[in-house]
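Worksheet for the structure shown next.
The values are calculated or read from the model by the stated rules, or taken from the named source; none is laboratory data. Worth saying up front: this structure is predicted, and the values here are computed from it rather than measured. Cβ placement follows ideal geometry from the backbone for every residue including glycine, while neighbour counts extend to all protein chains displayed. For accessibility, only protein heavy atoms count, side chains too; no ligands or nucleic acids. Shrake-Rupley method; radii C 1.70, N 1.55, O 1.52, S 1.80 Å.
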Amino acid sequence: MFQEIARETLPTVAAIPRPPRAVTIDGWSTLIRDLDSDGALRERGAALAGVAGRLGQEVAPETAMELIDRSWALHLEEWRGGRSFGPQGAARWCLDELGLAAMAPDVDELAEAIATGTLSVGTAVVDGAAEALEVLHRAGIPTALICDTGFTPSRVVRAALRMHSLRLDHYFFSDEVGVPKPHAPMFLAALQATGTEPAEAVHIGDLRRTDVAGARAAGMAAVRFAGVHDDGWIPEDCRPDVEADAVLYRWADLPELLGL
């Protein structure tokens, strides 16, 4: 099922090209999803407690998880400001908060546990995503991943995609390009890689602030994927009219939406 948004409410974006000459796609909650976010938090908290214990400070599991949670809130602030925080930033901040004189190997060990926490508890392909990618490949439409990385860096996301046999033609990650969505560089890099003009391309992702606003600013059509997370609210830093050209609830409906 999909819902096309009335054109009069979207005066500044082009209609969805049918068919598009390229499709760019978000990663988390669009192609893949985590299976146990609480479990990932426990894994990261246990790693923090382990490093702290080795450095001479006992940290309760609840305290360690609270620190990881607070570091995630700091990541969100940096992300919204277009800056990188990532697992290294989180590891350094957590150890500093505990007042520990951590050496680089300690920071690296904790950062690796934070980076792989989601993968260690499991990920899954969003229902219908693999089949939708295959439809696009068979139609000869180039695809590109445009993915913000957060605590899970590009190398780990690539591993998850390989594990699930999800193949795209091009890959662009915020920790490799240098800035996250909605800033233009990843969108422009994907357009250049696919040899596509903005009006000929469609971006699919779950977040209004990053996916929809970023695609529209780049001149692309935007499809908001609501099959995992329905981002129906409008963030404070988005204009009131930032909505996609269509909302897609099931990957199975993508061929019809794109005229394939």
**Message:** Nearest 10 degrees is fine. How inclined is helix 86-97 to the longest principal axis of the chain, computing both from alpha carbons?
**Reply:** 30
**Prompt:** Across 10 Å bins from 0, what is the distribution of all Cα-Cα pair distances for the chain, in whole percents?
**Reply:** 7, 30, 32, 19, 9, 3, 0
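Find how much the distance from A104 to E197 grows on full extension, using 0.36 nm per residue of separation minus their present alpha carbon separation; answer in nm with one decimal.
Full extension from A104 to E197 adds 29.0 nm.
At a temperature of 10 °C and a viscosity of 1.306 mPa s, determine how fast the range 122-260 diffuses translationally according to Stokes-Einstein, using the Kirkwood radius over alpha-carbon pairs as Rh; express D in µm²/s, rounded to the nearest whole number. Could the numbers behind the result be given before it?
On the way: Rh = 15.4 Å.
The diffusion coefficient I find is 103 µm²/s.
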**Request:** Putting +1 on Lys and Arg Cβ atoms and -1 on Asp and Glu Cβ atoms, find which of A113, P142, V125 reaches farthest to the positive end of the dipole of the range 102-145.
**Result:** P142
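Keeping the other protein chains in place, figure out the carbon and sulfur percent of the accessible area of the range 101-260, with a 1.4 Å probe.
Details: 3420 of 6320 Å².
Whole-percent figure for carbon plus sulfur exposure: 54.
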**Asked** Helix 129-138 sits at what angle to the longest principal axis of the chain, using alpha carbons and giving 0 to 90 degrees rounded to 10?
**Response** 50
**Item:** Angle in degrees between helix 37-54 and the longest Cα principal axis of the chain, rounded to the nearest 10
**Value:** 30
**Beta bridges by DSSP in the chain, antiparallel share as percent, to the nearest 5** = 25
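Can you tell me the length gained on complete extension of the stretch D127 to Q57, counting 0.36 nm per residue apart and subtracting the Cα distance? Working shown, then result.
Values: separation 70, 0.36 × 70 = 25.20 nm, distance 4.41 nm.
So the chain would gain 20.8 nm between D127 and Q57.
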